[in-house]
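Taking it in order: structure first as C-alpha cells, then the write-up.
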Amino acid sequence: RIVVARSNVGQGAAVLCSGGLDSAVLLADVARREAGSRILPIYVSGGLAWEAEEIAMLDRLLATPPFRGVLPLATLRFDMRDVYPPTHWAIRGEPPGFDTPDEDVYLEGRNIVLLTKAAVFMARARLTRLYIGPLAGNPFPDATPEFFATMARALSLGLATTIEVAAPFAAMDKAEVIGRGRTLGVPLELTLSCMQPAG
C-alpha cells in the first residue's frame, strides 16, 4: 500500500472511479475500510470516447448495496482533446487489442490529470485522502510509488492543505482484485473493461 502525507482525521476520502472493475472494487473496499466517514466517488472526464458508457455504468453500480452510504458521484471535467490528437485510439474509441504492447495503450499524463483535478475539488470539499487503483505490474511512469509521493507533496503544498494519495491495490494482481470484489459483494457484471468500455 502506498500512502503519502498525513491526513486530518475524520475529514473523509475521495476515490477515483471509472466504472471499471478495479475502481469499483476499490470504492467498495474504501467504503468498508472507512465506514462512517464521508466517501466521495469522483469521475474525471477528459473527453475520451467511452465516457458516457462509464458514467452510466457508475450510476448503476452506485445504486447497489456495497456502495450504500457512499456520497453521490462527483463528475469533473479536464478536457484533453486539445492534447491527444483526433486520431488517438482513446478519442476515436477504437482500443488496441488485448495483447498490444503497453506503450501503445499509454495515455500520457492520465494520472497527473486525474489527481490534479480531483485534489483541487477535494481541497474545496475538505477531503484529504485520495484513493487511486493501479495494480501490480502497471508499467507507466505516473503509477509508481515515487510519482504518488511526489504528487501528494506538490498538491498539498500548492493547495495549502493535506492531500494524501493512496494506492492500496498496487501490490495486487487482477485475480486478487476480483476475489476482493466477490468478498465485498461488488456486482462485477456491472463493471466495464478499461480497454473497451463500450464493448
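The values are calculated or read from the model by the stated rules, or taken from the named source; none is laboratory data. Just so you know, these numbers come straight off a predicted model, no measurement behind them. Heads up, the Cβs are rebuilt from the backbone with ideal geometry, glycines too, and the neighbour counts pull from every protein chain shown. For the accessible areas, the whole protein counts, side chains as well, though only heavy atoms, and no ligand, DNA or RNA atoms are used. Shrake-Rupley method; radii C 1.70, N 1.55, O 1.52, S 1.80 Å.
Within segment 58-73, identify whether any single residue is touching a residue at least 40 places away in the same chain (Cβ under 8 Å), of a type outside the set (A, V, I, L, M, F, W, C) and more than 16 Å from SER23 (Cβ to Cβ), and answer yes or no. So far as segment 58-73 goes, yes, one or more of its residues are touching a residue at least 40 places away in the same chain (Cβ under 8 Å), of a type outside the set (A, V, I, L, M, F, W, C) and more than 16 Å from SER23 (Cβ to Cβ).
Checking each residue in segment 35-57 for being in contact (Cβ under 8 Å) with a residue 40 or more places away in the chain, more than 13 Å from the chain's Cα centre (by Cα) and within 22 Å of ARG182 (Cα to Cα) picks out only MET57.
Going by what's in this entry, would THR162 be described as touching a helix residue (DSSP H, G or I) at 6+ places or on another chain (Cβ under 7 Å), under 22 Å from THR64 (Cβ atoms), among the hydroxyl-bearing types (Ser, Thr, Tyr) and touching a residue at least 12 places away in the same chain (Cβ under 8 Å)? Here the answer is no, as THR162 does not meet what is asked. From the list PRO134, PRO139, the lone residue that is outside any helix (DSSP H, G or I) and more than 15 Å from the chain's Cα centre (by Cα) is PRO139. Scanning segment 15-69 for residues being acidic (Asp, Glu) and under 13 Å from VAL186 (Cβ atoms) gives a total of 2. Say we look at segment 158-181 and pick out the residues that are crowded, with 17+ Cβ neighbours inside 10 Å and of a type in the set (Gly, Ala, Ser); which of these is farthest from the chain's Cα centre (by Cα)? Going through the qualifying residues, I end up with GLY181. A count restricted to segment 30-89 and to residues that are at pLDDT below 85 and charged (D, E, K, R) stands at 2. Whether any residue in segment 3-12 is outside any loop (DSSP other than H, G, I, E, B), touching an Asp or Glu at 6+ places or on another chain (Cβ under 8 Å) and at pLDDT below 90 is what I want to check. Within segment 3-12 (the criterion being outside any loop (DSSP other than H, G, I, E, B), touching an Asp or Glu at 6+ places or on another chain (Cβ under 8 Å) and at pLDDT below 90), the answer is yes, since at least one residue qualifies. Condition first: open to solvent by 70 Å² or more (accessible area, probe 1.4 Å) and free of Cβ contacts under 8 Å to residues at least 24 places away in the same chain. Now tell me which residues in segment 121-157 satisfy that. Scanning segment 121-157 gives ARG124, PRO141, GLU146, THR150, LEU157.
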